[in-house]
Amino acid sequence: MRRLATLALVTTLAALPALPAVAATACEGRLGTSRVMEVQAAGLQVGTKHFPQTLDLAEGEVVLTFDDGPHPGTTETVLRALAKECVRATFFLVGRAAAAHPEMVRRIIAEGHTVAHHSQTHPMTLADMPFDKAVADIEKGFASVDKAAYGAAGPHPRVPFFRFPGFGSSPALLDYLAKRGVGVFGADLWAGDWNPMTPEQQLELTMTRLDHERRGIILFHDTRAQTAKMIPAFLTALREKGYHVVHIVPAGVATAVAPN
């Protein structure tokens with residue numbers, strides 16, 4: 001696994017005033033977020049399930065990511081579990097879901113997580129669409145998420161992080177996003193939660209894969225009830241096995257929600 005040392009700057013949690021402070025005493029004995037990695041998005045293509053390189057993570061470090069939300073019921077359950085363990089994650093949101101549930105998007109950000117992008121309609125796959133239609137779906141997704149999160153959308157996505165639905169990229173679309181300064185995330189391992197299984201089976205599968213890899217970007221779906229039910233036990237397993245959570249944020253970008 002090749003790791004990118006030049007694309008990440010490690011900073012302390014307290015150095016990011018845009019994120020709400022978490023009292024140290026409230027997080028004693030919890031898994032916690034061990035460090036924040038400030039990532040330069042331009043030229044970024046990481047996650048060894050899709051690309052030859054990944055983030056510069058030490059052994060035992062993981063980045064938690066959730067796709068396809070927000071989704072009423074399951075997303076809130078995931079957020080409660082993360083808050084209980086003082087853990088921050090990255091949510092790759094579908095634009096139409098964000099537009100339907102802007103209050104949930106704002107809650108994700110208010111609780112200190114990173115909101116990123118996963119297209120407007122989640123087509124499977126963008127690479128199979130005509131280029132102009134694929135670009136339009138990506139751009140509409142940027143705008144929908146930013147409007148839900150911040151009240152308005154500008155010419156560039158506030159958080160320039162994107163994940164292709166189904167990892168369905170093409171050289172032309174990757175080049176387009178690179179020119180837009182948008183970093184592309186794959187994953188290093190996943191829970192396979194698009195397949196029906198019990199939370200216990202999913203936990204065993206995920207931990208087996210993680211114990212083999214020992215680090216990486218992990219892909220979950222906060223739309224899946226089995227995942228939402230599994231997350232508390234998963235976070236406990238991370239803590240008990242000595243894993244550390246790294247929170248990724250875009251370099252030099254203010255991501256606080258707009259006032260109501």
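Where residues in region 217-257 are within 17 Å of the chain's Cα centre (by Cα) and either over 30 Å from Ala42 (Cα atoms) or free of Cβ contacts under 8 Å to residues at least 12 places away in the same chain (or both), which of them is most open to solvent (accessible area, probe 1.4 Å)?
So the residue we want is Arg224.
Assess whether Ala148 counts as being more than 28 Å from Gly32 (Cβ to Cβ) and touching a residue at least 12 places away in the same chain (Cβ under 8 Å). So that I can check it myself, show each step before the final result.
Details: more than 28 Å from Gly32 (Cβ to Cβ): yes; touching a residue at least 12 places away in the same chain (Cβ under 8 Å): yes.
The answer is yes for Ala148.
Hey, among Arg163, Arg214, Arg158, Arg209, which residue is open to solvent by 10 Å² or more (accessible area, probe 1.4 Å) and closer than 21 Å to Val94 by Cα? Spell out how you get there, then give the answer.
Working: Arg163 fails: open to solvent by 10 Å² or more (accessible area, probe 1.4 Å); Arg214 fails: closer than 21 Å to Val94 by Cα; Arg209 fails: closer than 21 Å to Val94 by Cα.
The match here is Arg158.
Being aromatic (Phe, Trp, Tyr) and either crowded, with 18+ Cβ neighbours inside 10 Å or in contact with a strand residue (DSSP E or B) (Cβ under 6 Å, 6 or more places away or on another chain) (or both) is the requirement here; does Phe142 meet it? Talk me through it step by step, then tell me what you get.
Working: aromatic (Phe, Trp, Tyr): yes; either crowded, with 18+ Cβ neighbours inside 10 Å or in contact with a strand residue (DSSP E or B) (Cβ under 6 Å, 6 or more places away or on another chain) (or both): yes.
The answer is yes for Phe142.
Being aliphatic (A, V, I, L, M) and touching an Asp or Glu at 6+ places or on another chain (Cβ under 6 Å) is the filter here, so list the residues in region 28-67 that pass it.
Here is the first cut: in region 28-67, the ones aliphatic (A, V, I, L, M) are 31, 36-37, 39, 41-42, 44, 46, 55, 57-58, 62-64.
Listed by number, the list holds a single entry, Leu31.
For the subset of region 113-136 comprising residues that are among the aliphatic types (A, V, I, L, M) and either part of a loop (DSSP other than H, G, I, E, B) or over 20 Å from Lys147 (Cβ atoms) (or both), which member is modelled with the lowest pLDDT?
Met124
Residue-wise test of (1) surrounded by 20 or more Cβ atoms within 10 Å (Cβ to Cβ); (2) on the phi < 0 side of the Ramachandran plot; (3) touching a strand residue (DSSP E or B) at 6+ places or on another chain (Cβ under 7 Å).
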| residue | (1), (2), (3) |
| --- | --- |
| Pro52 | no, yes, yes |
| Glu59 | no, yes, no |
| Asp67 | yes, yes, yes |
| Pro70 | yes, yes, yes |
| Leu93 | yes, yes, yes |
| Gly151 | no, no, no |
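Report, ordered by the first and then the second residue, all pairs with beta carbons closer than 9 Å, sequence separation of six or more or different chains, a first member in region 170-185 that is more than 18 Å from Gln40 (Cβ to Cβ), and a second member that is among the small types (Gly, Ala, Ser) and open to solvent by less than 10 Å² (accessible area, probe 1.4 Å).
Filtered contacts from region 170-185: Ser170/Ala134; Ala172/Ala134; Leu173/Ala134; Tyr176/Ala134.
Picking from Val62, Val94, Val46, Val78, which residue would you name as being over 24 Å from Arg180 (Cα atoms), of a type in the set (Val, Ile, Thr) and in contact with a Ser or Thr (Cβ under 9 Å, 6 or more places away or on another chain)?
Testing whether each residue is over 24 Å from Arg180 (Cα atoms), of a type in the set (Val, Ile, Thr) and in contact with a Ser or Thr (Cβ under 9 Å, 6 or more places away or on another chain) leaves just Val78.
Could you please give the count of residues in region 104-136 that are surrounded by fewer than 18 Cβ atoms within 10 Å (Cβ to Cβ), within 19 Å of Val159 (Cβ to Cβ) and out of contact with any Asp or Glu (no Cβ under 9 Å at 6 or more places or on another chain)?
3
Given Asp193, Asp188, which one is within 15 Å of the chain's Cα centre (by Cα) and either β-branched (Val, Ile, Thr) or open to solvent by less than 10 Å² (accessible area, probe 1.4 Å) (or both)?
Working: Asp193 fails: within 15 Å of the chain's Cα centre (by Cα).
After applying the criteria, what remains is Asp188.
The values are calculated or read from the model by the stated rules, or taken from the named source; none is laboratory data. As the structure is a computational prediction, the values presented were derived from the model and not from experiment. All Cβ positions, even for glycine, are placed from backbone atoms using ideal geometry, and neighbour counts span all protein chains on display. Heads up: the accessible areas ignore ligands, DNA and RNA and are worked out on the full protein's heavy atoms, side chains in. Shrake-Rupley method; radii C 1.70, N 1.55, O 1.52, S 1.80 Å.
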